[in-house]
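The values are calculated or read from the model by the stated rules, or taken from the named source; none is laboratory data. The shown structure was predicted, so the numbers you read here are calculated from the model rather than taken from an experiment. Methodologically, a virtual Cβ is constructed for each residue, glycine included, from the backbone with ideal geometry; neighbour enumeration extends over all protein chains shown. Side chains are part of the model used for accessible areas, which takes the heavy atoms of the whole protein and leaves out ligands, DNA and RNA. Shrake-Rupley method; radii C 1.70, N 1.55, O 1.52, S 1.80 Å.
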Amino acid sequence: MNREPKRVPPPRRAAAGQLAALGGLLAAVFLLSFCLGRYGVALDQVARILLYRLGAALGALLDRLPGVELGPLFPLEQTWTEQMETVVIQIRLPRIAMACLVGCCLSAAGSTYQGIFQNPMASPDILGASSGAAFGAALAILLGGGSRTVTLSAFFFSLLTVALVYLLGSRAPGKRVLNLVLAGIMVSSLFTSATSYIKLVADPSNQLPEITYWLMGSLSATRLSDVAYVVFPMALGLIPLLLLRWRINLLTLGDEEAKTMGIHTNRLRLILALCATLVTAAAISVSGIIGWVGLVVPHLGRRLVGNDYRALMPASMLFGASFLLVVDNVSRNLLATEIPIGILTAFIGAPFFLYLMMRKGGFR
């Protein structure tokens, strides 16, 4: 007879302070990112524009209530030009917000996969989500679809690939976790080959460069409508991961120990894998293939707050958002021509992972 799960004490105060520091870091990087670019905007003007537009949006929302007419909640004197407001709201805000969301999702997914598979090499593409998204995007571009069609196709095939991996892994005899990993490798190889064939038959003048650029990852064409389009599936996956993060600690103890505490390990793994896959598919569908974030950031989080997932999961989310936002700032400001984010994350991630391999204690 299953016993009730043991009550787990809250994380230590030091971890709470580190989480607060990571939140402050993200807020600082978020605001400073608006000032970076070929058209400079002072930080005080950025703050005034954001505060004014936030107040106007909240005021418009409250004005819809019967008998309420408030107008803008923060009526500030306009000291900025219309060009500044356009740059901040229409150009930089969507890209900055999307960088935070994508970094948060990929890091949370990587941390989750490393916990449920008990493998420090696990990353968001371990079940084939990235290869499926790449195939979907390449197919949509080949068929002449627009940007929204490419996003939808990448999202759909990413989920389809993981569903196929889970179906194969659950039906094969032997250890389920190992079967899922092996099925992910096999299915990823198939979809990668299919993507290569699409690149072979694509128009080398228009379609092939577009496919290649998408595969390298970029946030350059992000609009506010894109942020609104993916924020719901991202939240649908991130919220359960946050609520169930303490149960990942039990999975790391082993199935037998977790079952003695009343945890249905197979069901829990399925729920966590579905949520991690959902946020991965949503992130990749709008950003393209951005590697190493979900692999490196959780290890950085462990060095900051330890292995306790009650602190590690939010730390990975906050640090992942800050990390990808910094990388995106470098991407759009380092050279006259924008560098795809996937190239920069590989330059950063590969040396760091080599350091993790060589240091005493390895990945622990």
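Given a Förster distance of 30 angstrom, what is the FRET efficiency for VAL201 paired with LEU242, based on the Cβ-Cβ distance and rounded to 0.05? After rounding to 0.05, the efficiency reads 0.10. Extension gain, LEU58 to ILE185: 0.36 nm times the residue separation minus the Cα-Cα distance gives 41.0 nm.
With an a/c value of 1.5 or above and a/b not larger than b/c for the gyration tensor axes a ≥ b ≥ c computed over the alpha-carbon atoms, the stretch 176-273 is described as oblate. Summing Cβ point charges (Lys, Arg +1; Asp, Glu -1) relative to the Cα centre of the stretch 260-364 gives a dipole of roughly 480 debye.
Once the Cβ-Cβ distance of LEU51 and PHE156 is raised to the sixth power relative to R0 = 41 Å, the FRET efficiency obtained is 0.60. Taking packing as the residue-averaged number of other Cβ atoms within 10 angstrom, the listed peptides 345-352, 122-129 run from highest to lowest as 122-129, 345-352. Say we join alpha carbon atoms closer than 10 Å with springs in a Gaussian network model of the chain; which of LEU50, LEU274, LEU250 then has the biggest fluctuation? Taking springs between Cα atoms under 10 Å, the residue moving most is LEU50.
Across the chain, the relative contact order, built from alpha-carbon pairs under 8 Å that are at least six residues apart, equals 27 percent. Where in the stretch 230-250 does the label zone of ALA20 land, with the point 7 angstrom along Cα→C-beta and an amide N cut-off under 20 Å? Under cut-off, by backbone N: nothing.
Over the chain, DSSP H runs of length four or greater, each weighted -39,500 (n - 2.57), average out per residue to a 222 nm ellipticity of -23500 deg cm²/dmol. Measuring only protein heavy atoms, the 1.4 Å probe finds LEU270 accessible over about 60 Å².
About its Cα centre, the dipole of the stretch 226-322 is roughly 120 debye, where the only charges are +1 on Lys and Arg Cβ and -1 on Asp and Glu Cβ. The distance between label points at SER170 and THR81 comes to 5.9 nm (points 7 Å beyond Cα on the Cα→Cβ vector).
Modelled spin labels at ILE271 and PHE232, positioned 7 Å past Cα toward Cβ, are 2.3 nm from each other.
Between LEU32 and ILE91, the FRET efficiency estimated from the beta carbon spacing at R0 = 22 angstrom works out to 0.85.
Surface composition of the chain: carbon plus sulfur atoms contribute 67% of the solvent-accessible area (1.4 Å probe, protein chains only, all chains present). Ranking VAL293, VAL286 from most to least accessible surface, computed with a 1.4 Å probe over the protein chains only, gives VAL286, VAL293. Residue ranges 22-29, 301-308, 100-107 sort as 100-107, 301-308, 22-29 when ordered by packing (mean number of other C-beta atoms within 10 Å per residue, highest first). Counting only Cβ charges, +1 for Lys and Arg and -1 for Asp and Glu, the dipole size of the chain around its Cα centre is about 1400 debye. Taking label points 7 Å from Cα along the Cα-to-Cβ direction, LEU253 and GLU210 give a separation of 5.3 nm.
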